[in-house]
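One structure is given below, encoded as structure tokens.
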Amino acid sequence: MSDWSKVTRPIPVPDEWTKPFWDAAKRESLALQRCQSCGHFQHPPYPTCVNCMSIDLKFEAVGGTGTIYAYTIMYHDGDKRFASAVPCASIIVELDDAPGALMAGNLLDAPYTEAKVGRRVEVVFEPLNDDITLPLFRLAAE
Amino acid sequence: MWENRCKVAVSGVGYSKVSRSADIPLAAHALEAVKEAVADSGLEMSDIDGLSTYPELPATGHAEVDGISVVSVNCMMAMLKLPNLTWHIQVGTTNIGGAVQQATNALLAGVCKYVVVWRAMHNPRGTYQNLPGTEARGATQFTAPFGFGGPGQGMAVAYTRWLETHNQDREKMATLAVTQRRHTQHNPHAYFYGIELTKEDYLSSRMVAYPFCLFDCDIPVQGAVAIVLTTADRAKDLKPKPAYLAGYGQRLHFEVAGRIGSLSSYMEGGSSSAKLTWERSGFTPKDVDVAQIYDGFSASVIYGLESYGFCGEGEALDFIQDGRMELDGALPLNTFGGSLGTGRIHGLWHIIEGALQASGRAGSRQVKGANVSFVGASAPIVTGTTFIFVGDPY
């Protein structure tokens with residue numbers, strides 16, 4: 001199992017497009033940008049809907065369960081901030097409530113070999129400091 | 001078909017020494033390659049009236065210093081002091097393939113006669129993707145906190161998606177790595193010239209970012225390559241047999257910064273670019289005699305083969321087996337060794353090889369009877385461009 005305890009994650013700096021996502025994460029909730037015109041969810045946030053070009057976008061709460069869309073297992077320790085955790089699984093998750101929106105994360109509390117396309121995962125929240133809480137994932141019941 | 005097909009041609013080509021470390025300024029590499037390309041054409045430097053490049057350094061966390069880590073148009077102007085210069089550009093969105101396409105457009109517009117295009121690549125000291133920051137801003141706020149740093153991981157996640165949705169086996173990629181390394185032994189300019197690679201070497205090499213092992217990744221090097229582009233009527237009077245540009249395309253797929261892992265983005269990017277190239281040239285994948293497909297990471301070749309239409313989705317790792325990509329195979333592939341053989345110089349070397357194969361100038365690696373020569377000059381997702389060169393204009 002990867003040891004994440006000594007990892008020094010870069011701390012996200014919210015901006016005007018992304019602040020609602022991080023505000024929700026601080027409340028241990030997931031909120032993704034959704035087009036109010038066509039209903040399309042998208043992540044990362046973007047100034048326009050990438051589906052219909054509407055600028056009527058709002059963040060809506062979504063459930064924290066989904067499946068691993070894709071993943072990689074990092075072995076190279078060139079990024080010293082993550083060197084203590086390698087090998088470790090960096091995953092891309094497609095949430096059940098937001099098909100097409102792909103969220104990056106890490107797989108916690110499981111051997112990195114458990115990362116497989118299609119595995120069920122659920123969000124867990126890890127505070128990085130007083131302002132920023134990071135959504136991460138662990139395996140969920142199939 | 002494109003009314004301008006075969007009206008522009010690649011003439012001379014040139015290479016600098018390719019070295020692992022930056023012993024001399026990158027500008028010297030670029031100058032060496034440009035001089036060789038101009039001489040290969042049989043031109044004088046004073047004939048050159050157009051300059052085009054893509055000067056990006058794909059490494060992270062290193063200063064961009066003109067002449068040291070990049071070679072801009074401005075730097076080349078300072079070195080060459082061209083008396084007859086009339087046009088120049090450096091492109092932003094389409095990597096070096098876009099620089100070749102813009103040079104083509106300038107020649108067709110009649111604003112210059114002989115354009116030099118170069119790509120110079122620096123290998124900075126220390127870690128290539130040097131990611132020391134404590135903050136993640138902009139698009140990286142959704143990727144960097146999870147350890148997604150360099151482009152390799154972005155490509156690796158799409159590769160796991162491809163492997164597992166298609167129930168495929170990464171060990172089959174050994175064929176690509178080993179065959180390309182064998183092709184490299186016919187290319188004395190390549191970094192890995194003289195160094196063999198076996199299937200066992202590939203299978204036992206260390207993992208970098210699963211499913212990528214060491215030999216799925218091109219090695220960072222310092223070096224440059226260059227070409228002379230001119231109009232077809234002028235190219236006929238120059239020393240080398242011309243390689244005529246039959247058609248080109250660029251990716252039209254829209255991609256959101258920070259969105260990673262989407263296999264469909266590679267496929268849509270590649271198919272949109274190739275569609276333009278097939279339509280403009282009038283050829284189809286079945287007509288292609290030889291192909292160069294960008295391979296900065298091995299999986300890029302998979303996405304290329306499938307999205308350009310050479311095989312179906314999920315089939316590429318089977319498609320390259322049984323000798324198909326050999327020099328005498330049904331689709332000789334990355335015949336100069338690819339970036340996996342030459343080192344990381346980006347796609348201008350693929351374009352050079354596409355041109356050399358079309359014009360019968362590829363020496364001991366020449367594919368017999370090759371006329372229709374396809375090039376995918378970078379990973380199809382964001383910067384993808386495609387080309388077809390022919391030896392016989394039509």
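Quick note: the coordinates plus some simple rules give every number you see, no bench work behind them. Nothing here was measured: the structure is a model prediction, and the numbers come from that model. Every residue, glycine as well, gets a Cβ built from its backbone with ideal geometry; the counts of neighbours run over all protein chains shown.
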Task: Residues A:Cys52, B:Cys213, sorted so that the one with the fewest Cβ neighbours within 10 Å comes first - done: A:Cys52, B:Cys213
- [ ] Output the lone cysteines of the protein assembly as shown: those with no second cysteine's C-beta under 4.7 Å from their C-beta.
- [x] A:Cys88, B:Cys6, B:Cys75, B:Cys112, B:Cys213, B:Cys217, B:Cys311
Task: Antiparallel DSSP beta bridges within the protein assembly as shown, as percent of all bridges there, nearest 5 - done: 75 percent
Task: Percentage relative contact order, chain B, counting C-alpha pairs under 8 Å, at least six apart - done: 24 percent
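Can you pick out the pairs among B:Lys113/B:Lys286; A:Lys116/B:Lys286; A:Lys26/A:Lys116; A:Lys80/B:Lys17; A:Lys80/B:Lys172 whose Cα atoms lie more than 30 Å from each other?
Working: B:Lys113/B:Lys286 34 Å; A:Lys116/B:Lys286 36 Å; A:Lys26/A:Lys116 28 Å; A:Lys80/B:Lys17 32 Å; A:Lys80/B:Lys172 32 Å.
Pairs exceeding 30 Å: B:Lys113/B:Lys286; A:Lys116/B:Lys286; A:Lys80/B:Lys17; A:Lys80/B:Lys172.
Going by C-beta contacts inside 10 Å, put A:Asp23, B:Asp233 in order with the fewest on the left. Please report the intermediate quantities before stating the final value.
On the way: A:Asp23 15, B:Asp233 10.
By the 10 Å Cβ count, ascending: B:Asp233, A:Asp23.
Can you give the translational diffusion coefficient of the stretch B:258-394 in µm²/s, computed by Stokes-Einstein from the Kirkwood radius over Cα pairs at 20 °C and 1.002 mPa s?
Details: Rh = 14.6 Å.
Here the translational diffusion coefficient equals 146 µm²/s.
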Open item on the list: Can you compute the label reach from B:Asp328? Point 7 Å from Cα along the Cβ direction, backbone N cut-off under 17 Å, restricted to the stretch B:370-394.
Closed with: B:370
Task: Shielding score for A:128-137, defined as the mean number of other chain Cβ atoms within 10 Å - done: 1
Open item on the list: Can you give me the Kirkwood hydrodynamic radius for the stretch B:149-261, using every pair of distinct Cα atoms, in Å to one decimal?
Closed with: 17.9 Å
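Please compute the Kirkwood hydrodynamic radius of the stretch B:125-164 from all pairs of different C-alpha atoms, in Å with one decimal. Each step should come with its number before you reach the end.
Working: mean 1/r = 0.0870 Å⁻¹.
After inverting the mean inverse Cα-Cα distance, the result is 11.5 Å.
Peptide B:153-162: average number of partner chain Cβ atoms within 10 Å per residue? If you can, show how the numbers build up before the last one.
Values: counts 8, 4, 1, 6, 11, 4, 2, 11, 7, 2.
The per-residue average across the peptide is 6.
Quick check on the exposure proxy: order B:Val221, B:Val178, B:Val10, B:Val115 from fewest to most C-beta atoms within 10 angstrom.
On the way: B:Val221 23, B:Val178 18, B:Val10 30, B:Val115 27.
Arranged by neighbour count, lowest to highest, B:Val221, B:Val178, B:Val10, B:Val115 become B:Val178, B:Val221, B:Val115, B:Val10.
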Open item on the list: Just to confirm my numbers, what's the Cα centroid distance between the stretch B:82-118 and the stretch B:184-200 in Å?
Closed with: 32 Å
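Rounded to two decimals, what is Rg over Rh for the stretch B:309-389 when you use alpha-carbon atoms and the Kirkwood radius? Don't jump to the answer; show the numbers that get you there.
On the way: Rg = 12.6 Å, Rh = 13.3 Å.
Result: Rg/Rh = 0.95.
Once you average over the residues of A:5-11, how many Cβ atoms of partner chains fall within 10 Å of each Cβ?
Working: counts 0, 0, 3, 1, 6, 15, 8.
For this peptide, the per-residue mean of nearby foreign Cβ atoms is 5.
Taking every DSSP beta bridge with both residues inside the stretch A:19-139, roughly what % is antiparallel (nearest 5)?
Numbers: 31 of 33 bridges.
Counting only bridges with both partners in the stretch A:19-139, antiparallel ones make up about 95 percent.
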Open item on the list: Between the stretch B:273-299 and the stretch B:229-266, what is the separation of their alpha carbon centroids in Å?
Closed with: 10 Å
- [ ] Using a Gaussian network model of chain A whose springs link C-alpha atoms within less than 10 Å, name the residue from A:Ser90, A:Ser54, A:Ser29 with the highest mean-square fluctuation.
- [x] A:Ser54
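Could you work out the mean projected area of the convex hull around the alpha carbons of chain B, in square nanometres to one decimal? Please list the in-between numbers first.
Numbers: hull surface 70.1 nm².
If I average the Cα hull's projected area over directions, I get 17.5 nm².
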TODO: Any chance you could check the Cα centroid distance between the stretch A:58-104 and the stretch B:23-44 for me, in angstrom?
DONE: 45 Å
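Under unit Cβ charges (Lys, Arg +1; Asp, Glu -1), what dipole magnitude, rounded to 20 debye, does chain A have relative to its Cα centre?
Dipole of chain A, to the nearest 20 debye: 200 debye.
For an R0 of 22 angstrom, estimate the FRET efficiency from the Cβ-Cβ distance between B:Lys81 and B:Arg125 and round to the nearest 0.05.
On the way: r = 31 Å, r/R0 = 1.40.
The formula returns an efficiency of 0.10 here.
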Open item on the list: What are the extents of the Cα atoms of the stretch A:1-63 along their three principal axes, in Å, largest first?
Closed with: 44, 23, 22
Task: chain B - share of DSSP beta bridges that are antiparallel (%, nearest 5) - done: 65 percent
- [ ] Taking each pair of different alpha-carbon atoms in the stretch A:19-139 once, compute 1/r for the pair, average those values, and report the inverse of that mean as the Kirkwood hydrodynamic radius in Å to one decimal.
- [x] 15.2 Å
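I want to verify the translational diffusion coefficient of the protein assembly as shown in µm²/s; compute it with Stokes-Einstein, Rh as the Kirkwood radius over Cα pairs, at 10 °C and 1.306 mPa s.
Working: Rh = 23.9 Å.
D = 66 µm²/s.
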